[in-house]
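> Have a look at the structure that comes next, please.
The values are calculated or read from the model by the stated rules, or taken from the named source; none is laboratory data. Quick caveat: nothing in here was measured; it's all calculated off a predicted structure. Cβ placement follows ideal geometry from the backbone for every residue including glycine, while neighbour counts extend to all protein chains displayed.
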Amino acid sequence: MNPENQNNRIEIRDARDFEIMKTPEIIIQEERGAQLLSLLLKAENPEWGETETPIAQETEKYFRENPLDAETLKTIQEFQDAGVDEETLYNLALTYQHPERVEPVFAMMAKHKAHVENPQEVYKKVISTLESFDIHFSSSELATRINEEIELDKKKRMEGLSETKQRIEALIDFFRPSAEATNIKRLCFIPTDPLYKKNSGTAFLAFPGEQIIQSHIDNTLNQDHEFLHGIINPVVSKLEIQLDDQQKLRISSLASEKLKRDYGDNYYSLLCEEFIRVYGQIFSRGERPETYDTFAKKIETIDEGQFQKFLLESDELRLRCQELGINSIEDLREKSKEYYDKFEADQLRDLIFDLYEEYVNRPDRDGINFESFVLENFGRRI
């Protein structure tokens with residue numbers, strides 16, 4: 001750490017000095033604004049979101065026969081042209097019928113979405129578009145069909161609430177976040193959006209005391225991933241105060257090309273994702289980070305039919321393979337080292353895995369939580 005950053009150090013507090021986060025109230029709550037936004041995005045672009053399920057195909061057929069009016073289409077396209085990303089639109093959509101959420105969303109946008117010009121004007125357009133569409137769409141047969149899906153999902157989620165609570169408590173027990181830093185008193189799961197891709201999810205953290213998670217009912221790994229954003233993001237926010245510019249650049253350089261293509265070069269996003277992915281996909285499963293040898297062995301078990309199926313299902317994989325002229329599983333095996341070095345090698349993942357190992361083996365397991373451990377140990381490794 002550079003000398004000029006010494007004054008930026010966050011005080012490392014013993015976990016016995018503060019209250020560990022309690023299990024939040026867990027509820028299942030429909031968010032009409034978010035569902036309406038998904039419908040609008042699907043109407044504007046039939047390839048958006050889920051495309052294979054019966055209800056996704058019904059939705060595509062509905063909007064083919066009942067297209068959006070020109071003014072609504074123009075508004076959606078203007079959002080895209082102005083760089084108003086999907087995450088911002090969903091945050092604004094969550095204020096639909098929830099006026100108490102408006103100011104927190106503006107505060108979030110000021111901090112994380114400063115590139116969005118005239119946020120108040122964007123907000124007004126989002127809400128007026130949702131209101132107009134709601135009136136037009138709510139009496140349709142498709143609306144009834146989607147509502148039926150949502151009710152079934154809510155019922156199933158309620159039946160599995162005990163298992164969900166156990167998973168959340170296990171995560172809290174491992175990371176031991178402070179109640180003050182995490183500030184999640186209510187955890188709200190949105191019923192599965194039938195138009196949202198099953199392998200996608202989002203955590204909405206703009207609202208004080210509340211975390212809202214959009215994630216498929218069957219994708220429990222993603223549900224845990226999104227919940228962990230509420231624990232990990234505040235840790236990274238404190239960590240970034242300690243890091244100097246060189247360390248921040250190094251974080252980006254250590255991350256895999258694959259991760260950077262998904263999340264950009266911003267060290268903050270990369271750190272949040274890597275901390276969560278390493279825990280959820282590797283460490284908690286008792287596995288170790290993938291090496292070239294394990295990658296090569298893995299692709300030896302894939303046949304040509306499976307490989308072509310993977311290419312069809314993943315635009316990202318297809319683009320990566322195209323860059324290296326890989327069209328078959330044999331091509332991938334022949335260029336496995338080149339592919340691994342370019343896209344899969346991830347020194348940031350390895351560094352964070354080592355931190356997790358140190359964390360679970362720390363001598364004073366009751367005296368330091370994950371936040372304090374990271375603030376004390378991460379900087380010297382970069």
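> Checking E149 against (1) assigned to a loop (DSSP other than H, G, I, E, B); (2) within 24 Å of the chain's Cα centre (by Cα); (3) more than 30 Å from I231 (Cβ to Cβ), only one condition comes out false. Which one?
(1)
> Also: Look through K198, K154 and report the one residue that is surrounded by 14 or more Cβ atoms within 10 Å (Cβ to Cβ) and modelled with pLDDT under 95.
Working: K154 fails: modelled with pLDDT under 95.
After applying the criteria, what remains is K198.
> Would you check if there is a residue in the range 318-332 being among the charged types (D, E, K, R), loosely packed, with under 12 Cβ neighbours inside 10 Å and under 26 Å from the mean Cα position of the chain (by Cα)?
no
> Would it be correct to say that N147 is in contact with a helix residue (DSSP H, G or I) (Cβ under 8 Å, 6 or more places away or on another chain), surrounded by fewer than 18 Cβ atoms within 10 Å (Cβ to Cβ), within 30 Å of N45 (Cα to Cα) and not acidic (D, E)?
no
> Taking interchain pairs and intrachain pairs at least six residues apart, which have beta carbon atoms under 7 angstrom, with the first residue in the range 78-91 and closer than 15 Å to I127 by Cα and the second of a type in the set (G, A, S)?
From the range 78-91, the pairs are Y90/A34; N91/A206.
> Which strands (runs of 3 or more DSSP E) sit wholly inside the range 178-221 and have at least 1 residues that are more than 18 Å from H98 (Cβ to Cβ)? Give the steps one after another, and end with the answer.
Values: elements: 184-190, 201-204, 209-215.
In the range 178-221, 201-204, 209-215 are the strands (runs of 3 or more DSSP E) which contain 1 or more residues that are more than 18 Å from H98 (Cβ to Cβ).
> Go through (1) in contact with a Cys (Cβ under 8 Å, 6 or more places away or on another chain); (2) part of a helix (DSSP H, G or I); (3) among the polar types (S, T, N, Q) one by one and return the number of the condition Q308 breaks.
Of the numbered conditions (1) in contact with a Cys (Cβ under 8 Å, 6 or more places away or on another chain); (2) part of a helix (DSSP H, G or I); (3) among the polar types (S, T, N, Q), the odd one out for Q308 is (1).
> Here is a further query. Can you tell me which of E87, E121, E103 is over 23 Å from the mean Cα position of the chain (by Cα) and loosely packed, with under 15 Cβ neighbours inside 10 Å?
Values: E87 fails: over 23 Å from the mean Cα position of the chain (by Cα); E103 fails: over 23 Å from the mean Cα position of the chain (by Cα).
It is E121.
> Among (1) touching a Lys or Arg at 6+ places or on another chain (Cβ under 9 Å); (2) under 29 Å from E371 (Cβ atoms), there is one condition I299 misses while meeting the rest; what is its number?
Failing condition for I299: (2).
> Would you check which residues across the range 358-382 are over 28 Å from K248 (Cβ atoms) and touching a residue at least 24 places away in the same chain (Cβ under 8 Å) and list them?
Those that are over 28 Å from K248 (Cβ atoms) and touching a residue at least 24 places away in the same chain (Cβ under 8 Å): D366, G367.
> If a residue has to be over 26 Å from the mean Cα position of the chain (by Cα) and not in a helix (DSSP H, G or I) to count, how many in the range 358-380 make the cut?
8
> Could you say whether any residue in the range 342-357 is over 22 Å from the mean Cα position of the chain (by Cα), free of Cβ contacts under 8 Å to residues at least 40 places away in the same chain and more than 22 Å from G280 (Cα to Cα)?
There is no residue in the range 342-357 that is over 22 Å from the mean Cα position of the chain (by Cα), free of Cβ contacts under 8 Å to residues at least 40 places away in the same chain and more than 22 Å from G280 (Cα to Cα).
> Return the pairs, sorted by first residue and then second, in which the second residue is in a helix (DSSP H, G or I) and modelled with pLDDT of 95 or more, the first residue lies in the range 155-173 and is of a type in the set (K, R), the beta carbons are less than 7 Å apart, and the residues are 6+ apart or on different chains.
What qualifies is R167/T220; R167/D224.
> Just to be sure I understand the filter: pairs with C-beta atoms under 9 Å, separated by 6 or more residues or on different chains, first member in the range 255-277 and in contact (Cβ under 8 Å) with a residue 60 or more places away in the chain and surrounded by 16 or more Cβ atoms within 10 Å (Cβ to Cβ), second member polar (S, T, N, Q) and in a helix (DSSP H, G or I). Which pairs pass?
Short answer, once both residue conditions are applied: A255/Q347; S256/Q347; L270/S252.
> Among L271, L221, which is closer than 26 Å to E50 by Cβ, under 15 Å from the mean Cα position of the chain (by Cα) and not basic (K, R)? Outline the logic, then answer.
On the way: L271 fails: closer than 26 Å to E50 by Cβ.
Checking each option against the conditions leaves just L221.
> Now, a different point. Please determine whether any residue of the range 229-237 is in contact with a Phe, Trp or Tyr (Cβ under 6 Å, 6 or more places away or on another chain), touching a residue at least 60 places away in the same chain (Cβ under 8 Å) and under 30 Å from G209 (Cβ atoms).
yes
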